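Please treat every number below as a calculation from the coordinates, not as lab data. What you see is a predicted model; the values in this text were computed from it and never measured. Cβ coordinates were reconstructed from backbone atoms using ideal geometry, including for glycine residues, and neighbour counts include every protein chain displayed.
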Amino acid sequence: MSTECDASVDRLVRACLGAKDRRAYCRDLGDRSSSTHFGYQECVPYEKDRPLKKACALGFRVIDRFCKDEAAP
């Protein structure tokens, strides 16, 4: 089940992000989303629950990729 949940994070986060214009949000992130620490603070509450921590981290990686895709010409 964990593999299925992890695999759906990308699709779900992209669907949420794509539901409205996120150009300003992505612009405000700048290069911060490329850092390996991007989203770390937001995921700290899930530190003791490995599956939730992993899903949280995956969600922030999706945000990074989404913003890079949006910025691509």
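Checked against the criterion of being out of contact with any Leu (no Cβ under 8 Å at 6 or more places or on another chain) and touching a residue at least 12 places away in the same chain (Cβ under 8 Å), the candidates Ala7, Ala55 yield just one match: Ala55.
Among the residues of the range 26-36, are any of a type in the set (Lys, Arg), more than 24 Å from Cys5 (Cα to Cα) and over 14 Å from the mean Cα position of the chain (by Cα)?
Restricting attention to the range 26-36, the residues satisfying the condition of being of a type in the set (Lys, Arg) are 27, 32.
In the following step, the residues that additionally are more than 24 Å from Cys5 (Cα to Cα) were identified as 27, 32.
If we keep only those that are over 14 Å from the mean Cα position of the chain (by Cα) as well, we get 27.
Yes, the conditions are met somewhere in the range 26-36.
For Val44, the requirement of being farther than 17 Å from Ala71 by Cα, surrounded by 10 or more Cβ atoms within 10 Å (Cβ to Cβ) and out of contact with any Phe, Trp or Tyr (no Cβ under 8 Å at 6 or more places or on another chain) is met.
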